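> Before anything else, here's the structure in question.
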Amino acid sequence: MIDETLSNYDFDEEDVGFGAPPMLPDAPLSWARRLSAIGIAAGLFLLVLFFFGIDLGGGWSALFSTLGLLSLATALWFYLDFKDTEPGIKHDRTFFRAIQNRSLLGWSLGIAISGFYIVLYFYDELQAKGLPAVLERPIRLLDPLAELTQGGESSRWFLYGVLYTLAIVLFGVRMLMKYRHNRYQRIRTVSVMFFQFGFAWFLPNLLIYFKRPYMEFNGVWPLKHDYLWPGGVDGFLGAGNFGIFLLVWAIGLVVATPILTYFYGKRWYCSWVCGCGGLAETFGDPWRQQSAKSTGAWHIERWLVHGVLIAVLVVTLALWGNHLTDGRVFGSSAYTLKQWYGFYIGAIFSGVVGVGFYPVLGNRIWCRFGCPQAAILGLWQRVFSRFRITTNGGQCISCGNCSTYCEMGIDVRAYAQNGENIVRASCVGCGVCSAVCPRGVLKLENGSFADRFEGADEPLRALRESFEKPEIYGYRAWSERNRQA
Amino acid sequence: MHVAIIGNGVTGVTAAVRIRQRRPDWRITLISGESRYHYSRPALMYVFMGHMRYEDTKPFEDSYWAEQRIDLLRAWVTEIDTEQKRLHLLDRDPLAYDRLLIATGSKPNRFGWPGQDLEGVQGLWGLYDLKRLYDTAARTEQAVIVGGGLIGIELAEMLHSRNIDVTFLVRERSYWDNILPKEESGMINEIIRAAGIGLRLETELKEIVSDDSRRCVAVETGNGERISCQLVGLTAGVSPNIDLLRESSIETKRGVLVDSSLRTSAADVWAAGDCAEILRPEADRNLIQQVWYTGKLQGELVGDVIAGEERAYDPGIWFNSAKFLDLEYQTYGQVNMDVPGEKNLFWRHPDQQLAVRIVYTDDGVVGVNLMGLRWRHEVCERWILDKRPVHWVLEHLAEANFDPEFFRRHEPAIQSALREQIA
Ligand SMILES: Cc1cc2nc3c(=O)[nH]c(=O)nc-3n(C[C@H](O)[C@H](O)[C@H](O)COP(=O)(O)OP(=O)(O)OC[C@H]3O[C@@H](n4cnc5c(N)ncnc54)[C@H](O)[C@@H]3O)c2cc1C
Ligand code: SF4
Ligand code: SF4
């Protein structure tokens, strides 16, 4: 005999797709928020006017009344959006908002961002094919800023740098407010804002100002592959003592990578320093829950990301082989490889797809599926690092918040429910799983590298085993170990 | 050998996985009337609030079950025939079993309030309730929640997130004060009110009032107050779900009676999780545990026992955790349990929602409560097992800290305040 309300159960939970429940209207916006909304609208409007050739007083006043106004009003909006809420995890409605999901709006935004990247990267080629000079006015808008920071005219790359940095700073404000109860997130966010603004934008501009070889000081080979390709190195060597300093810096970062990763895990770079990571963690935060979680996605991930690593190593070797033998080893094929890598990986993968698809595939597409730097850091983290995420005994209730919000698509819950440490090559240590866990189960920590998992004290064996039996260390649904039963 | 498991909650699923590990060639059927796949019941609220989708609440990929050769059956069992070893199913042919696990969980208490069967009155236990909540929310501006426990506050938070005006009726003098000491409970009262949820303490439900169409329109409280509402959430605790066994020969009391290996009175039938009542001749009360981790522990144990390995259930040191709106709570050991000779130390941050309680006797520490702070399970458990003296615990507080990196450390403040209290 059972309760008849239950046996009258007349829907299929797999089909209903619960979706957004009905709701009553929100309280009307405060005056301050209306003001910031007006500011955003006005900034956008003036921006459009400017694009269509209206002179807004020229120079700085045009810049302030468009991008300046837009930025201030956006920062204010983000600030006010969270100011009146209690500090804590604010994920209500995340899966109900069209813009944060694979809706028409989400897809449109994704296509718009990808489109921007295509126009930006292939501007000259596209113009040769008849594209109007759509970037001309936006580039000119930034002339006064370029004059000030680079000592010259603005260019499309200057435009890109400004927009990129603005995105990190403005959405950084959003992150700072959203996670203001969590000091790890606050400090980390300030860090990515700092490195983007200072190391990736301000200092490189100074280099241009003083006509030195270009370099972003937080960029590491092989992510910034050309820094240590023959062309890049020649550029540094041809620039006197300062050039040598830059070269030493570039090599120094490559050397520092395994050391810092040993002490702090991959996160020191991916979630604290890197520009791509910085964009993902700030501008990309609204979409982290879109990362694919299936075993299939994990298989694609490990083949792709390590494939790109091999590709960049091959290209680097080929270029140096040619360079040192005057082209006798690989001939023109090395050049073709270089072009190929720059086009498919550098432009299409990391930009057009990597950022453009944020709204539909999550914010770490490039970092997870493509970045060779992440692959190297990941291998180190996996076998030779003190970093792990500790799970708090039996407190996990398998709710799934951690897995849902893990931007790398790691099934954190599977480990937590089993009371196992999470030691995964792909984990960028963003700390969001720990922040969203409603039961306080997860803690990112550095400890002894040998006690992280069974067999961790023999890193080489662990490495070999993870090649032979990737499923042991890789993706797992809860109790993956049983799959081998 | 065919093992049938009724219930695909954490208990049934853990047992199924365990049996598969030990018995690769047995046939295993996992039956549930509620859902085809196992999902996390505590995550129901997040679906309604938009933190997750239903599919995100499933701990296993759908393909897992076929890989494990665990057959899933979405059906209601209506009767257990222990003589013939058969399960009768609603609208389906009966299913024969060799060994049976009953893991039917619990169900919301209903105390026979007038009007409890009206439209718009419901509990929060499963997907069916979630679905009903969606339907009722469409015509709800005000809701009343009855019963000040963990599920009540979750339901309040859910409805509040859709801007529904929520009134929370709590019979006790303070929220959940049968479990929480006065101070912790008081902190939660504060945050409930700060969130804009109407909290009525020491208020009982007298009657739910309906209109002509049998929809609820208001509740009347014991104080004679009438609060209009279109939705009433009844969340006054849960009891073992043993409806299924009412006419069977399997012995029940409040739950399905089982011995320490989780065997029922019928041959080849076991019960575990929320629905089980473990006989404890040595103690004055039988043991009913209705939380996630005990379901998991009992599921592991009963899986082993069904697969042929004799073991006895050891509940270990009690622990639990919850989140009240934005306030996290953890507990280890015995707090508010009237342990003979117990003394309490309590620290609260002067202006943040952070607190620590340490309960100890002359023999050593027996329990801790944490509000807004995270402590390490293993460390707290060891302290309690080893009966560490309270001074020793205060000395070693930092070892228990499980807050995320860079969080402000409060150990020095806690230590000095609590040492003063001891003196
Ligand atoms: C809203 C909510 C929040 C919770 N939050 C927490 C929390 O934060 N922490 C915590 O520790 N615990 C929490 N719990 C309690 C926890 O979910 C339970 O302790 C746990 O789910 C018990 O697992 P179980 O497998 O024993 O039973 P259940 O999960 O209840 O599963 C019982 C299964 O049996 C099936 N069943 C029952 N009768 C029949 C029948 N006649 N025929 C076929 N199938 C049947 C049902 O379909 C169901 O799938 C919460 C519970 C609820 C309802
Ligand atoms: S496992 Fe946690 S810390 Fe690592 S990437 Fe995922 S969410 Fe970030
Ligand atoms: S670790 Fe935390 S967030 Fe993840 S499933 Fe467990 S309780 Fe939920």
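> Mean-square fluctuation check for chain B, GNM, Cα pairs under 10 Å: which of B:316, B:367, B:120 is largest?
Comparing B:316, B:367, B:120 in a Gaussian network model of chain B, the most mobile one is B:316.
> Place a point 7 Å from Cα of residue B:284 in the direction of its Cβ. Which residues in the stretch B:341-376 have their backbone N less than 11 Å from it?
So the set is empty, nothing qualifies.
> How would the stretch B:14-133 be classified by its alpha-carbon gyration tensor: rounded, prolate or oblate, with rounded meaning a/c under 1.5 and the a/b versus b/c comparison settling the rest?
oblate
> Right, something else. Determine the distance separating the Cα centre of the stretch B:70-114 from the Cα centre of the stretch A:133-157; give it in Å without decimals.
So the two Cα centres are separated by 72 Å.
> Also, quick follow-up: Name the shape class, rounded, prolate or oblate, that the alpha-carbon gyration tensor gives for the stretch A:384-484, where a ≥ b ≥ c are the square roots of its eigenvalues, rounded holds for a/c under 1.5, and otherwise prolate holds if a/b is larger than b/c and oblate otherwise.
prolate
> Further question on the same structure: Going by Cα centres, the stretch B:233-284 and the stretch B:34-55 are how many Å apart?
The stretch B:233-284 and the stretch B:34-55 have Cα centres spaced 26 Å from each other.
> What shape does the stretch B:121-236 have by the C-alpha gyration tensor, where a ≥ b ≥ c are the square roots of the eigenvalues, rounded means a/c under 1.5, and otherwise prolate means a/b greater than b/c and oblate the rest?
prolate
> Let me ask something else about it. Once R0 is set to 25 Å, what does the formula 1/(1 + (r/R0)^6) return for the Cβ-Cβ distance between residue B:109 and residue A:10, expressed as a FRET efficiency to the nearest 0.05?
FRET efficiency, residue B:109 to residue A:10: 0.50.
> For chain A, list the cysteines whose Cβ sits under 4.7 Å from no other cysteine Cβ?
A:270, A:274, A:276, A:367, A:371, A:396, A:399, A:406, A:427, A:430, A:437
> Give the calculated FRET efficiency between residue A:214 and residue A:326 to the nearest 0.05, with a Förster radius of 25 Å applied to their Cβ-Cβ distance.
Working from the Cβ atoms, E equals 0.40.
> Excluding ligands, DNA and RNA, what is the solvent-accessible area per residue of the stretch B:319-422 at a probe of 1.4 Å, expressed in Å²?
44 Å²
> Mind checking the stretch A:287-370 for trypsin sites (Lys or Arg not before Pro) that DSSP puts in a loop (not H, G, I, E or B) and that have at most 13 other Cβ atoms within 10 Å?
A:328
> Right, here's the next one. Given a 1.4 angstrom probe, what's the average accessible area per residue across chain A, in square angstrom?
With the other protein chains kept in place, chain A gives 42 Å² per residue.
> Moving to a separate point now. Within the set of other residues whose C-beta is less than 15 Å from the C-beta of residue A:162, count the net charge using Lys and Arg as +1 and Asp and Glu as -1.
-1
> Further question: Which links in B:296/B:323; A:83/B:323; A:90/B:58; B:58/B:206; A:178/A:266 stretch past 29 Å when you go from one Cα to the other?
B:58/B:206
> Quick one: buried accessible area between B and A, total over both chains, 1.4 angstrom probe, nearest 100 Å²?
The B and A chains share an interface burying roughly 6900 Å².
> Helix check for chain A. Which DSSP H runs span at least 24 Å along their own axis by Cα, with a mean Kyte-Doolittle hydropathy no less than 1.6?
Within chain A the helices that satisfy the rule are A:31-51, A:104-121, A:240-264.
> Based solely on C-alpha atoms, express the radius of gyration and the Dmax of the protein assembly as shown in angstrom.
My reading of the Cα-based Rg and Dmax gives 30.3, 97 Å.
> Quick one: of the DSSP bridges fully inside the protein assembly as shown, what percent are antiparallel, nearest 5?
60 percent
> Which lysines does residue B:343 reach when only Cα atoms under 17 Å apart count, and residues fewer than 8 places away in its own chain are ignored?
Cα-Cα hits under 17 Å: B:182, B:387.
> Restricting to chain B, what percent of DSSP beta bridges are antiparallel, rounded to 5?
55 percent
> What percentage of the solvent-accessible surface of chain A, computed with a 1.4 Å probe over protein heavy atoms, is contributed by carbon and sulfur atoms?
Accessible surface attributable to carbon and sulfur in chain A totals 68 percent.
> Let me ask something else about it. Find the centroid of the Cα atoms in the stretch A:381-447 and in the stretch B:145-194, then give the distance between the two in whole Å.
One Cα centre to the other: 30 Å.
> Ok, one more. What lysines could a cross-link reach from residue A:338, if we take a straight Cα to Cα line under 19 Å and drop same-chain neighbours fewer than 8 places away?
A:224
> Under a 1.4 angstrom probe, counting protein chains only, how are B:151, A:38 ranked by accessible area, largest first?
A:38, B:151
> A follow-up question, please. Run the reach check for residue A:293 against aspartates and glutamates, Cα to Cα strictly under 14 Å, same-chain hits fewer than 8 apart removed. What comes back?
Hits, sequence-local ones excluded: A:301, A:407, A:411, B:55, B:56, B:61, B:62.
The values are calculated or read from the model by the stated rules, or taken from the named source; none is laboratory data. For clarity, every value in this text was computed on a predicted model and none was experimentally measured. Every residue, glycine as well, gets a Cβ built from its backbone with ideal geometry; the counts of neighbours run over all protein chains shown. With ligands, DNA and RNA removed, areas are computed over all heavy atoms of the protein, side chains included. Shrake-Rupley method; radii C 1.70, N 1.55, O 1.52, S 1.80 Å.
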